[in-house]
1. Fully extended, how many nm does the chain gain between TRP241 and ILE169 (0.36 nm per residue separation, minus their Cα-Cα distance)?
2. Could you work out the pair-distance distribution P(r) of the stretch 363-479 from its alpha-carbon pairs, with 10 angstrom bin width and percents rounded to whole numbers?
3. Sort LYS61, LYS295 so that the residue with the fewest other Cβ atoms within 10 Å of its own Cβ comes first and the one with the most comes last.
4. So if we plug the beta-carbon distance of LEU42 and ARG452 into 1/(1 + (r/R0)^6) with R0 = 41 Å, what FRET efficiency do we get, rounded to 0.05?
5. Does the stretch 114-249 come out rounded, prolate or oblate, given a ≥ b ≥ c as the square roots of the eigenvalues of its C-alpha gyration tensor, rounded meaning a/c under 1.5 and, failing that, prolate meaning a/b above b/c?
6. If you average 1/r over every pair of different alpha-carbon atoms in the stretch 5-108 and take one over that average, what Kirkwood value in Å do you get?
7. Using the crude model of +1 on Lys and Arg Cβ and -1 on Asp and Glu Cβ, and no other charge, please compute the dipole size for the chain relative to its Cα centre, in debye to 20.
8. Taking the chain, how many lysine pairs are there with alpha carbons less than 21 Å apart, if each pair must be eight or more places apart or span two chains?
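Laboratory data are not the source of any read-out in this text; all were calculated from the coordinates shown. On a predicted model such as this, the values are computed, not experimentally measured, just so you know. Here the Cβ positions follow ideal geometry from the backbone for every residue, glycine too, while neighbour counts run over all protein chains shown.
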Amino acid sequence: MSDESVLDAAALRDAGRDPATPFRVALADGSEVVVSRLLRVLPGKRIVGEGQWQGQRVLVKLFVGGASARHWRHEKAGVDALQCAGIQTPELLLAASLPTGGHVVLTRYLDAAQSLAQAWHGVADLPVGDRAALDVLCPAFRLLGAMHAAGLVQQDLHLGNFLRCAGRIFVIDGDAVRAIAPGKPLDAQQSARNLAILLAQLPIAWDDARDVLLEAYRAEGGDCRTESARLRDEVARARDWRLADFLGKTLRDCTLFAVRRSAFRFSAVARGEGHRLAPLLASPDEAIARGTLLKDGRTCTVAQVELVGRSLIVKRYNLKNLPHFFARCWRPSRAWHSWREGHRLRFLGISTPAPLALVEERVGPLRRRAFLVCEYCPGQSLLDLLSPDREPDDDVARAIVSLFSSLHALRISHGDLKATNLLFHEGKVVVIDLDGVRQHRTQSAYARAWRRDRARLLRNWPASCVLQQWLDSHLPPAR
């Protein structure tokens, strides 16, 4: 142990996002916990990691911010409430103040545990209602039903807060557990509001399987007497809130994104990609020059770039002339818009290449050129894939119908629905070129945009050909 640094709450606050591991923390009882691996860091506030304490493998939660006492009390109270209700949660081993400020909670580390979020990632592409997908989702809904029957809610409700280990499901994150009515079932309004948060985690296509999930929820005592219209409204509100919260994170420095601002440059990078993309972002023009040019227009240049054996798309938004600069400089760039819309689509379960980085050149508040870096999708465009004189193959047909059903339900228009902007890849239709994508607030605004999108898509093929007739009958109607 002597090789590890001994850190107190002040040192951990000062360490920011990346405290060096391993490190030791002295506890009030004279023992020490060694943190060997970081799992989550909220800079200056909270550190979660894997460690060792008294010969045991433990999950360590260190509360080091100004509100550490409050969050520590909530964490301990949440774990106690779960245990009193008979809800499985990792065993609480220690909850104490630190000698020099801050607080700690130690729970038993669950070996070989997998979060249901991780499990869901492996089955999310399966058809709605698939048994393997339901085997991941239903345990979470059953456990939530048991919590509601015991008067508990989980305020930070997502699949990542359920762990599967040795055939059992555990609830974690006691800080977000509240005992609303200990020992008594929640009323219909309280249960519907909390249940809607979990339902809102799923792609909108899974609304068609809601009855199966509600049956799992009721199996452990969940109260689902709320009328379907009210629950639907609660889910819609929860989805809107989650989306707005996530999109806000894409443009600020946080756990998911690294954002930097200066007088001459703005950049946002998916945090896990920052190190790998650093050479490209330092000189994106050189990366484009070395890459394979896909488009070289006056307003946009697109290149496929190889970086450490990985294919990326780098898109540069150009300024044609001085009038074009003055028309664009005062508003968010098209790269900015595409960055947000790419994250919007992926958050909502719509397939599009992952946006990895955004760069805007600036002079004070005025924007100049901008760059967008995305994953490369090797799929075939629908223009090349589909034949005008025959209907799509079954797998392609299902993917087309699924895509446009989801877009229609979410009131999302594309703005330039050429068949070359739709790629078929790994059983899905992938949407690219997001400059004109919009999610509309009103049905009337969406209806006008959808009529234009629909007509543009149909114009890709000869009038009244077999394929166009099939599309006309299978796409959502123009209204």
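1. Residue separation times 0.36 nm, minus the Cα-Cα distance, leaves 23.2 nm.
2. Once binned at 10 Å, the Cα pair distances of the stretch 363-479 give 13, 43, 30, 11, 3, 1.
3. Fewest-to-most Cβ neighbours within 10 Å comes out as LYS295, LYS61.
4. FRET efficiency, LEU42 to ARG452: 0.40.
5. rounded
6. 13.6 Å
7. Values: 66 positive and 52 negative charges, 421 e Å.
In debye, rounded to 20, the chain gives about 2020.
8. Eligible lysine pairs with Cα atoms under 21 Å apart amount to 10.
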